[in-house]
Amino acid sequence: MSGFVFVEEVTQFLPGRQAPTYKKLDLNADKPVTPTASARRTSVELVAIAKDAAGEFKTDADLFDAIKAKKVKVAGRTYFTGTATVSDTIKGDTVKWTVTVTGVDAKGIQTKISGEGYEEKKPKSGTKDGDEDEDANEPAVAGRSYWVAGLAATLALMFGGMWLVGRSRRA
């Protein structure tokens, strides 16, 4: 991983706290690093920046400001999830997964995840490559269900109103 500077970006989605905080991480094969834990309203990302680009900034604070303002080229990002669904065969309330950064290339940060209960996501049948995971269409499906529910509620109000108007005229 020489040639890159790694920065942890933590964003808390709470009222008045949407500004991310940054911390430089020293990643090497000898000493593991534990990132900030993701949570319900906390997003944790690992950002890779080329050492040449990061060397242009005198202090870490200047580098963090440039990342926030998107004035430095980011070589890649990866997200750490705080929750996941695991098999029922795993007992207990928590599992520990190890995320190993295997490289940084044109596609971004490449990682390998291992640990109890981790299952590799399989691509949907009919996709050309393995990049698309099973949950890729989830937001579109959820959006359609809200649309259908809204349409059903509108029709119910409309027909209910017509029924009331018709009933009052008959009386």
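Out of THR21, THR78, THR59, I need the residue that is of a type in the set (Ser, Thr, Tyr) and closer than 19 Å to LYS96 by Cα. Which one?
Matching residue, one of THR21, THR78, THR59: THR78.
Can you pull out every residue in the stretch 106-120 that is in contact (Cβ under 8 Å) with a residue 24 or more places away in the chain and exposed (fewer than 11 other Cβ atoms within 10 Å of the Cβ)?
If the condition is that a residue be in contact (Cβ under 8 Å) with a residue 24 or more places away in the chain and exposed (fewer than 11 other Cβ atoms within 10 Å of the Cβ), then LYS107, GLU119 are the ones that fit.
Of all residues in the stretch 84-102 being among the hydroxyl-bearing types (Ser, Thr, Tyr) and in contact with a Lys or Arg (Cβ under 8 Å, 6 or more places away or on another chain), which is least open to solvent (accessible area, probe 1.4 Å)?
For the stretch 84-102, the residue satisfying everything is THR100.
Give me the residue from the stretch 63-82 that is free of Cβ contacts under 8 Å to residues at least 12 places away in the same chain and out of contact with any Asp or Glu (no Cβ under 9 Å at 6 or more places or on another chain) and, out of that set, most open to solvent (accessible area, probe 1.4 Å).
LYS70
Test LYS70 against the criterion of being within 24 Å of TYR22 (Cβ to Cβ), assigned to a loop (DSSP other than H, G, I, E, B) and out of contact with any Lys or Arg (no Cβ under 6 Å at 6 or more places or on another chain), and give yes or no.
Against the criterion (within 24 Å of TYR22 (Cβ to Cβ), assigned to a loop (DSSP other than H, G, I, E, B) and out of contact with any Lys or Arg (no Cβ under 6 Å at 6 or more places or on another chain)), LYS70 qualifies.
Considering only the stretch 8-26, state which residues are open to solvent by 50 Å² or more (accessible area, probe 1.4 Å) and in contact with a Phe, Trp or Tyr (Cβ under 9 Å, 6 or more places away or on another chain).
Residues satisfying the conditions are THR21, LYS23, LYS24, ASP26.
The values are calculated or read from the model by the stated rules, or taken from the named source; none is laboratory data. In this text, all values refer to a predicted model and were calculated from it rather than measured experimentally. Reconstructed Cβ throughout: ideal geometry from the backbone, glycine too, with neighbour counts over all protein chains shown. The protein model used for the area step is the full one, side chains on, heavy atoms only, and it has no ligands, DNA or RNA in it. Shrake-Rupley method; radii C 1.70, N 1.55, O 1.52, S 1.80 Å.
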